[in-house]
1. How high is the relative contact order of chain A, in percent, with contacts defined as C-alpha pairs under 8 Å that are six or more residues apart?
2. Can you give the Rg and Dmax of chain B based on its C-alpha atoms, in angstrom?
3. From the residues A:Asn79, A:His10, A:His29, which one has its Cα farthest along the dipole of region A:5-112 in the positive direction, the dipole being from +1 and -1 charges on Cβ of Lys/Arg and Asp/Glu about the Cα centre?
4. For the protein assembly as shown, what is the convex hull (Cα atoms) projected area averaged across all directions, in square nanometres?
5. Once phi is turned into θ = phi - 60°, what whole-Hz ³J(HN,Hα) does the Karplus curve with 6.51, -1.76 and 1.60 give for every residue of region A:93-108, x standing for Gly and Pro?
6. Using 7 Å Cα-to-Cβ label points, what is the B:Ala45/B:Gln72 separation (nm, one decimal)?
7. Going down the list B:Lys5/B:Lys68; A:Lys26/B:Lys101; B:Lys68/B:Lys113; B:Lys58/B:Lys113; A:Lys26/B:Lys57; B:Lys71/B:Lys101, which pairs span over 21 Å between their C-alpha atoms?
8. What total accessible area, in Å², is buried where chains B and A meet, using a 1.4 Å probe and rounding to the nearest 100?
Amino acid sequence: DAGVTQSPTHLIKTRGQQVTLRCSPKSGHDTVSWYQQALGQGPQFIFQYYEEEERQRGNFPDRFSGHQFPNYSSELNVNALLLGDSALYLCASSAAGYQETQYFGPGTRLLVL
Amino acid sequence: QQQVKQSPQSLIVQKGGISIINCAYENTAFDYFPWYQQFPGKGPALLIAIRPDVSEKKEGRFTISFNKSAKQFSLHIMDSQPGDSATYFCAAYLGSSNTGKLIFGQGTTLQVKP
């Protein structure tokens, strides 16, 4: 049983560029949440997708957007990258009715130069 | 009011000792409190979790103690091993209408000395 997978593992971009990160949830899960983890900090909630809709959003600007596909996989898009967007981006999956029990993927390390 | 405060920031314990990490919260709407373990370069792994109607939960060497009136909860790692050396995060879940989010503490870096 595959766990949560994310791609790519690492990414280097320059300021102003756009980036797309991908996530496949754990088998049997239909809810995907995205978190940003800055170095030395706890993860910060970006948003959550369920039934292909954004259900809840954290305190992040509109430059951060997402999508969920019919197979429950998800994308996180960040436009107009800033140096401060450098972080580990984590995807977590959960099952409907049990959204609190979230399993995290290995993350995508984004470096913005 | 949505913060979760975690202490200590770092902890050094001898092999075989007890590691204790504490967290405090303000928002009584939180209804699920998980602990995650994170190794360098990896994503957080769910370790153990508790709901506010339970005062203690034990899984192997890991125990959560929960004090609802004090709005505090803690993780106890018994017989700590060098392999337990990692960063530990407490979290609290804020949910409503089939959606919700985890709010994390700042993390505790645990080093278990052989």
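The values are calculated or read from the model by the stated rules, or taken from the named source; none is laboratory data. Values in this document were obtained by computation on a predicted structure and should not be read as measured data. Note that we place each Cβ from the backbone using ideal geometry, even for glycine, and neighbour counts take in every protein chain shown. To get the accessible areas, we keep the full protein, side chains included, count just its heavy atoms, and leave off ligands, DNA and RNA. Shrake-Rupley method; radii C 1.70, N 1.55, O 1.52, S 1.80 Å.
1. Details: 297 pairs, mean separation 41.3, N = 113.
37 percent.
2. For chain B, the Cα-based Rg and Dmax read 13.7, 47 Å.
3. The residue sitting farthest along the positive end of the dipole is A:His10.
4. Details: hull surface 49.7 nm².
Directional mean of the projected Cα hull area for the protein assembly as shown stands at 12.4 nm².
5. Karplus-based 3J(HN,Hα) across region A:93-108 equals 10, 8, 9, 3, x, 9, 4, 6, 8, 10, 10, 9, x, x, x, 10 Hz.
6. Label-label distance for B:Ala45 and B:Gln72, simple model: 3.0 nm.
7. Working: B:Lys5/B:Lys68 15 Å; A:Lys26/B:Lys101 18 Å; B:Lys68/B:Lys113 33 Å; B:Lys58/B:Lys113 24 Å; A:Lys26/B:Lys57 25 Å; B:Lys71/B:Lys101 19 Å.
B:Lys68/B:Lys113; B:Lys58/B:Lys113; A:Lys26/B:Lys57, as the Cα separations exceed 21 Å there.
8. On the way: alone 6440 and 6050 Å², together 10730 Å².
Interface between B and A: roughly 1800 Å².
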